[in-house]
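The values are calculated or read from the model by the stated rules, or taken from the named source; none is laboratory data. Quick caveat: nothing in here was measured; it's all calculated off a predicted structure. Note: ideal-geometry Cβ built from the backbone for every residue, glycine included; neighbour counts use all protein chains shown. For accessibility, only protein heavy atoms count, side chains too; no ligands or nucleic acids. Shrake-Rupley method; radii C 1.70, N 1.55, O 1.52, S 1.80 Å.
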Amino acid sequence: MELKLVYRILRKISDWTLAGFYSEVYVEGQENVMKDGPLIVAASHHNEIIDIATLAATMTYRRHLYFWAKSTMFTNPLLGAILSSSGAIPVRRNPNNALPPPIPTSAPGASGATNAKSGGGTDAAAQGQSALFHDSSKALEQGRVIGVFPEGTSYTEPSIVQVMPGAARAAVEFVCWNDSVQHSRGGDLAIVPVGIVYTDKSRYQSRVCVRYGAPIHVSASTIHDLPGRDQERAIRETVKQITAQIEQQLVSMTINAPDWKTLRAAQMARGILWGGDENIALKDWVGVSQTLVNLLSTSQNTGDSASAAQAALTKYYSLLHYSGINHSTLHSLIPLALQPDSCTPLISSTPVLPSFVLAFLVSAVKAIPFLPPLLFHLPGYVSGPLLARCFAPPNEEEARAQFKAVGGGFGLGVSIAGFFGAAKVLEKHANLGALVDTSLRRTAVTLGLVYISTYILLKWHALLVGGNYTRIKRLWTLYKLSVGLRPGSDPLSVEELDAYTRPPTPAVNPYIKKPSPSAADSAPETVPTPPPSRRLIRHLLGARADAYAALRALVDERRKHNDARVEYLEKMGVRLA
């Protein structure tokens with residue numbers, strides 16, 4: 001039995017990362033993963049290293065995942081040693097770039113080399129692919145689990161843009177080699193697609209939904225049973241069919257919109273209809289979100305109501321973004337019902353400042369029990385956003401999420417180290433030697449005390465962070481409202497406001513090989529610098545009222561046509577009448 005110490009440590013760090021950064025992780029379909037035997041996990045990839053942590057933490061039976069990793073990552077001595085010790089398989093050349101292989105005749109991976117040469121690839125490419133499939137087949141032969149991201153790269157797009165044939169090729173390579181060389185009929189394996197969906201991947205205390213799909217069984221008979229084909233063409237056709245099945249499942253388990261405008265409008269409609277994303281059960285998250293995408297898609301709906309709703313919701317989304325306010329927090333402070341007579345802008349000079357002062361005092365009192373774990377986690381709260389600000393490229397949301405989570409974990413590690421140092425100082429001054437006779441035992445006692453104290457503080461923090469985090473957001477939003485609604489807040493003119501009515505589009509990943517939906521979005525060439533939020537508040541409240549009214553009009557129109565999507569939303573608990 002392998003010790004797998006490095007992988008176990010990394011998996012435990014993954015557990016802590018998910019539990020610390022996200023408030024809830026919902027997992028479904030774990031029964032689709034068998035307890036033993038060769039398996040390929042093909043997951044969606046929209047959040048960099050966090051996706052790896054998510055798979056490692058949620059894998060059924062805690063099975064060891066042997067991930068494909070870029071060979072360049074192995075060149076760093078430290079990182080290479082960690083990857084090698086954890087069982088990662090180096091990818092020396094993207095296996096998605098070449099054609100599917102013919103049946104191998106000598107060893108796993110030989111077919112990749114043969115095909116690369118016959119397809120016009122270089123010797124280096126042939127050797128790289130041969131080594132990749134050789135290592136993968138050997139791992140599968142030992143009943144291991146290979147982790148593959150068939151999209152080929154991590155990206156932020158409104159839909160799944162591409163699913164490449166690498167996972168399917170690895171499966172076909174293995175079963176063909178096992179059948180023709182090993183003469184074993186026990187070489188069948190399964191591919192399990194996994195959809196990973198984040199409610200807001202770069203936001204602290206957001207949530208994660210993980211779905212393990214139905215297994216796709218691959219065997220030599222799958223290839224041989226294709227009638228009227230020679231073996232090489234049969235393999236090519238099999239790889240194509242398996243890739244299509246993987247893509248179909250990944251699309252069904254994730255949220256896919258034709259463009260950014262539709263996706264953002266759906267996000268905003270979801271928040272309005274439920275009063276906040278946190279009010280939707282994660283098991284219904286994808287279904288609800290995709291239904292709203294389809295309802296607001298101008299390509300799927302005729303008439304002007306869908307276009308008007310999409311425009312109004314996108315404008316409201318954009319103003320929320322530039323003002324740094326969350327819809328659910330705004331709604332909790334100034335509710336607005338989805339009724340025609342309620343959809344009027346709230347721009348009166350309501351005395352918000354006294355409410356802010358009162359809320360501040362109440363929050364301060366309620367935060368007192370949270371102070372000890374807050375101080376313990378303070379380095380993480382500082383280091384996470386700081387690393388994201390310093391190192392995450394502009395408009396790359398997955399990079400920002402990665403640095404926030406990793407930076408927060410680093411800061412927490414600093415806290416634990418400082419805690420241990422303080423305990424050693426206390427040990428010396430408390431004359432612990434009078435109670436414990438040896439230095440080794442004193443260190444063991446100190447470590448035990450630090451472990452117990454850290455465990456208590458972590459649980460204490462997890463218990464109270466949700467409510468206090470919500471109160472802090474409400475307090476900050478209330479402050480912005482009090483400043484923005486007071487006389488002399490100097491709101492932007494209509495001409496000045498125009499630049500902030502279109503939200504910024506995330507950067508397009510240059511490694512995406514297929515046309516990206518975001519390329520068609522009409523976005524400003526440069527992202528404008530956000531103005532002081534006080535200058536946007538009155539426009540924001542007016543845009544919210546317009547968004548409510550436009551959504552109401554769309555729902556009324558679709559209900560007249562007995563639209564099944566509206567019926568589904570009502571079934572999910574939304575009161576639209």
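Screening ALA69 on (1) of a type in the set (Gly, Ala, Ser); (2) modelled with pLDDT under 90; (3) farther than 18 Å from ALA170 by Cβ shows it passes everything except condition (3). The single condition from (1) under 23 Å from LEU333 (Cα atoms); (2) modelled with pLDDT under 95; (3) open to solvent by less than 20 Å² (accessible area, probe 1.4 Å) that ARG538 fails is (3).
Of all residues in region 186-212, exactly one satisfies the criterion of being basic (Lys, Arg), in contact with an Asp or Glu (Cβ under 9 Å, 6 or more places away or on another chain) and open to solvent by 30 Å² or more (accessible area, probe 1.4 Å), namely ARG211. Taking the condition of being open to solvent by 80 Å² or more (accessible area, probe 1.4 Å) and part of a helix (DSSP H, G or I), how many residues in region 499-512 meet it? Number of matching residues: 0.
Listed by first and then second residue, the pairs linking a residue in region 435-463 that is loosely packed, with under 13 Cβ neighbours inside 10 Å and of a type in the set (Lys, Arg) to a residue that is part of a helix (DSSP H, G or I) and at pLDDT 80 or above, with Cβ atoms under 9 Å apart and 6 or more places separating them unless they lie on different chains, are LYS459/PRO373.
Step by step: first the residues of region 1-39, then only those that are among the acidic types (Asp, Glu) and in a loop (DSSP other than H, G, I, E, B), then the one that is farthest from ILE146 (Cα to Cα). Which residue is that?
The extreme case among them is GLU2.
Listed by position, the helices (runs of 4 or more DSSP H) inside region 281-338 whose residues that are closer than 11 Å to MET268 by Cβ and aliphatic (A, V, I, L, M) number at least 1 are 282-296, 305-323.
GLU278 fails exactly one of the following numbered conditions: (1) at pLDDT below 95; (2) outside any helix (DSSP H, G or I); (3) within 20 Å of the chain's Cα centre (by Cα). What is the number of that condition? Of everything listed in (1) at pLDDT below 95; (2) outside any helix (DSSP H, G or I); (3) within 20 Å of the chain's Cα centre (by Cα), GLU278 misses just condition (2). When region 479-498 is filtered for residues that are surrounded by fewer than 16 Cβ atoms within 10 Å (Cβ to Cβ) and at pLDDT below 90, the ones remaining, listed by number, are ARG486, PRO487, GLY488. With respect to being loosely packed, with under 14 Cβ neighbours inside 10 Å, closer than 25 Å to PRO158 by Cβ and at pLDDT 85 or above, PRO528 fits the description.
Which of the residues belonging to region 297-313 are closer than 22 Å to ARG544 by Cβ, at pLDDT below 95 and buried (at least 20 other Cβ atoms within 10 Å of the Cβ)? Correct list: ALA306 only. The residues of region 220-257 include none that are closer than 21 Å to VAL163 by Cα, at pLDDT below 95 and outside any helix (DSSP H, G or I). Of all the listed residues (LYS70, LYS4), the sole one being open to solvent by 20 Å² or more (accessible area, probe 1.4 Å) and in contact with a His (Cβ under 7 Å, 6 or more places away or on another chain) is LYS4. Of everything in region 146-176 that is β-branched (Val, Ile, Thr) and out of contact with any Lys or Arg (no Cβ under 7 Å at 6 or more places or on another chain), the residue that is nearest to HIS45 (Cα to Cα) is THR153. For the criterion of being open to solvent by less than 40 Å² (accessible area, probe 1.4 Å), more than 17 Å from LEU497 (Cα to Cα) and either in contact with a Pro (Cβ under 9 Å, 6 or more places away or on another chain) or part of a helix (DSSP H, G or I) (or both), LEU569 passes. Screening the candidates ILE272, ILE255 for the property of being within 27 Å of ALA499 (Cα to Cα) and not polar (S, T, N, Q) yields one hit, ILE272. Taken together, the residues in region 164-185 that are open to solvent by 10 Å² or more (accessible area, probe 1.4 Å) and either part of a strand (DSSP E or B) or modelled with pLDDT of 90 or more (or both) amount to 2.
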